[in-house]
Amino acid sequence: MFPPFPQELARHYCMELISGIEDGSIILKQISQESEERKGHGVMIGTLVCVNAAGERVVLEALSGISVAALRPLRQAQGPQGPRGVGEPVEPPLKKIIVPPIVSPKEIEQALAKNDKKIHELTDALRPLRQAQGPRGVGEPVEPHLKEQRTKLTTESLLNVFSLYTFTRFDGKKITLNEIIQAHGGKLPPTGTGDCCAPKLLSYAFEHNLSPISMDEVFYGRDTKNKTNGTSYPPCDERCGYILPYILGLEILYRDSQIIVVNKPSGLLSVPGRTEDKQDCVVNRVKKLFPHCIAQPSVHRLDMETSGLLVLAFTEEAHRNLSMQFEAGTVHKKYVALIDGVFDHNEYEGELQLKFRLDVDNRPHQIYDEVNGKLGITQWKKEGTELYTAPDGTKRRTTKIIFTPKTGRTHQLRLAASDPHGFGIPIVGDTLYGKCEPGERLMLHAFELEFKHPVSGEIMHFEI
């Protein structure tokens, strides 16, 4: 993952925490049984620097995993009795909070207890079978049956554990790990998901109305193949990459002091609408996470139903520069779409030049109008056909198309596909120009974006 917040300030507090561990002012305590494979391994030290409603700095601290906890013993006042009294705890000038795990080791142990004995029995039964079976295929097929039993039980135990996890999102609302799993189409994350530093720190911050300004994670322990003692690392892809976009409300692909690039999900507005129920959007989520952002950071947008790459500006200078690039047509964009049928055109690529305007009697639909319409220019390339599986399980043939828009008209790509003057075949899941079955989404995704950095002039290229 790209680090969602600047790391420098938080790294200072990570190193301060590590110094405390080494001088004994911070104690690492084993709070659950350490697995054999984890013995002697290091730990990720994480800090999240925040400000509270009063503008005061608060530093949140966490360790990865659930087996080790950090303890900061209360320091006692020294010398003659002052206003606080001798022996009374002295509060540090900076508020530091050690964040506990989302789920305690005891709760996890209880969730695993139901199947634990049987899983160990199956593992013990499989061991001699694998040793005695010899070459693959020799002997009776007992092992696959036992493996299947064990897999079923371990999956059930994993789901029991995952059901315990609830996180606080950027907007103060709760989201469960089960809900995130459903959003991933039921694909299960690895064990330990939710136990990394980042989800603990961010969930705690949002639950207590704290605004993050810097976050970092530093590895502490003996060097391994993948990690070096004292080195900063971004949140991991396999676990944090699975859940952080749902906690943050955004999948952040890049961020610096001038711009941010996100992967917008289908169903989320790019910019706020006019009514109260249309305020949740990429722009307002960016402004919530990054209060220093300008009031109008948007320089382009995607339809609510379209997913993919968006760049937004944090500063007026960046906004002005990016807007000029979009107006000049120097920003490179590509989209991938599945159109709802077989497109058996003789050509495999081409260009559409079609004029559309708003249908004033049927907003927000656009209609073809050769006289009064605005010209939309779209290059296209046919990538072949695909067997599409609908939410109800039925399958049908679709055609994969790569669109490269040369202009930025409203619904330009959706119309290029659906209108008889274009392909005459709507994009799968198009609520306006085709059909969208329950559980379906518009199969249009902005997968490539290239522009010049508004300050450095560096070519910035993104694909997702």
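The values are calculated or read from the model by the stated rules, or taken from the named source; none is laboratory data. Quantities reported herein were computed from a predicted structural model and do not represent experimental measurements. Every residue, glycine among them, receives a Cβ derived from its backbone with ideal geometry; neighbour counts consider all protein chains shown. Please note that ligands, DNA and RNA were not included when accessible areas were found on the heavy atoms of the full protein model with its side chains. Shrake-Rupley method; radii C 1.70, N 1.55, O 1.52, S 1.80 Å.
Scanning for something touching a Lys or Arg at 6+ places or on another chain (Cβ under 8 Å) and modelled with pLDDT under 80, does segment 167-189 turn up at least one residue? For segment 167-189, residues touching a Lys or Arg at 6+ places or on another chain (Cβ under 8 Å) and modelled with pLDDT under 80: absent.
Note on segment 300-331: among residues that are touching a Ser or Thr at 6+ places or on another chain (Cβ under 8 Å) and open to solvent by 50 Å² or more (accessible area, probe 1.4 Å), the one that is farthest from His411 (Cα to Cα) is Gly329. Quick one: is Gly429 touching a Cys at 6+ places or on another chain (Cβ under 7 Å) and of a type in the set (Gly, Ala, Ser)? So Gly429 passes the test. When only residues in segment 427-458 that are closer than 14 Å to His411 by Cα and touching a strand residue (DSSP E or B) at 6+ places or on another chain (Cβ under 7 Å) count, which is modelled with the lowest pLDDT? Taking the candidates together, the pick is Gly434.
Here are some residues: Arg57, Arg38. Which one is at pLDDT below 85 and closer than 30 Å to Ser232 by Cβ?
Working: Arg57 fails: at pLDDT below 85.
Result: Arg38 is the single residue among Arg57, Arg38 that is at pLDDT below 85 and closer than 30 Å to Ser232 by Cβ.
For segment 352-371, what are the residues that are of a type outside the set (Val, Ile, Thr) and touching a Lys or Arg at 6+ places or on another chain (Cβ under 8 Å)? Within segment 352-371, Lys355, Phe356, Arg357, Gln366, Tyr368, Asp369, Glu370 meet the criteria.
Could you please give the count of residues in segment 426-464 that are open to solvent by less than 30 Å² (accessible area, probe 1.4 Å) and part of a loop (DSSP other than H, G, I, E, B)? Steps first, answer last, please.
Of the residues in segment 426-464, the ones open to solvent by less than 30 Å² (accessible area, probe 1.4 Å) are 427-430, 440, 442, 444, 446, 448-449, 451, 453-454, 460, 462.
With the extra rule that they be part of a loop (DSSP other than H, G, I, E, B), the set shrinks to 428-430, 440, 442, 453-454.
Looking only at that region, the number is 7.
Among the residues of segment 9-20, those identified as more than 16 Å from Phe290 (Cβ to Cβ) and open to solvent by 50 Å² or more (accessible area, probe 1.4 Å) are Arg11, His12, Met15, Glu16, Ser19.
Inspect all residues belonging to segment 225-234 and state whether any of them is in a strand (DSSP E or B) and either open to solvent by less than 60 Å² (accessible area, probe 1.4 Å) or in contact with a Phe, Trp or Tyr (Cβ under 7 Å, 6 or more places away or on another chain) (or both). Walk me through it before giving the result.
Keep residues of segment 225-234 that are in a strand (DSSP E or B), which gives 232-233.
Subsequent filtering for residues that are either open to solvent by less than 60 Å² (accessible area, probe 1.4 Å) or in contact with a Phe, Trp or Tyr (Cβ under 7 Å, 6 or more places away or on another chain) (or both) retains 232-233.
Scanning segment 225-234 turns up at least one residue that is in a strand (DSSP E or B) and either open to solvent by less than 60 Å² (accessible area, probe 1.4 Å) or in contact with a Phe, Trp or Tyr (Cβ under 7 Å, 6 or more places away or on another chain) (or both).
Looking at segment 149-162, which of the residues that are of a type outside the set (Val, Ile, Thr) and farther than 10 Å from Ile108 by Cα is least open to solvent (accessible area, probe 1.4 Å)? Working first, answer last.
Our first condition is that a residue be of a type outside the set (Val, Ile, Thr); within segment 149-162, this holds for 149-150, 152-153, 156-160, 162.
Cutting the leftovers down to farther than 10 Å from Ile108 by Cα gives us 149-150, 152-153, 156, 159.
Details: Gln149: 66, Arg150: 60, Lys152: 150, Leu153: 35, Glu156: 62, Leu159: 72 Å².
Only one residue fits best here, namely Leu153.
The residues of segment 66-95 include none that are modelled with pLDDT of 90 or more and crowded, with 18+ Cβ neighbours inside 10 Å. Only one of the numbered conditions (1) within 35 Å of the chain's Cα centre (by Cα); (2) open to solvent by less than 70 Å² (accessible area, probe 1.4 Å); (3) touching a residue at least 60 places away in the same chain (Cβ under 8 Å) is violated by Gly422, and that is (1). Consider segment 361-419 and keep the residues that are among the aliphatic types (A, V, I, L, M) and under 20 Å from Gly341 (Cβ atoms). The one that is most open to solvent (accessible area, probe 1.4 Å) is Leu387. Residues that are in contact (Cβ under 8 Å) with a residue 60 or more places away in the chain and part of a loop (DSSP other than H, G, I, E, B) within segment 166-187 comprise Arg169, Phe170, Asp171, listed in sequence order.
For segment 328-338, state whether one or more residues are over 29 Å from the mean Cα position of the chain (by Cα), within 25 Å of Thr431 (Cα to Cα) and of a type in the set (Lys, Arg). No, because not a single residue in segment 328-338 is over 29 Å from the mean Cα position of the chain (by Cα), within 25 Å of Thr431 (Cα to Cα) and of a type in the set (Lys, Arg). Inside segment 268-299, residues that are in contact (Cβ under 8 Å) with a residue 60 or more places away in the chain and either open to solvent by less than 50 Å² (accessible area, probe 1.4 Å) or among the hydrophobic types (A, V, I, L, M, F, W, C) (or both) make up a count of 2.
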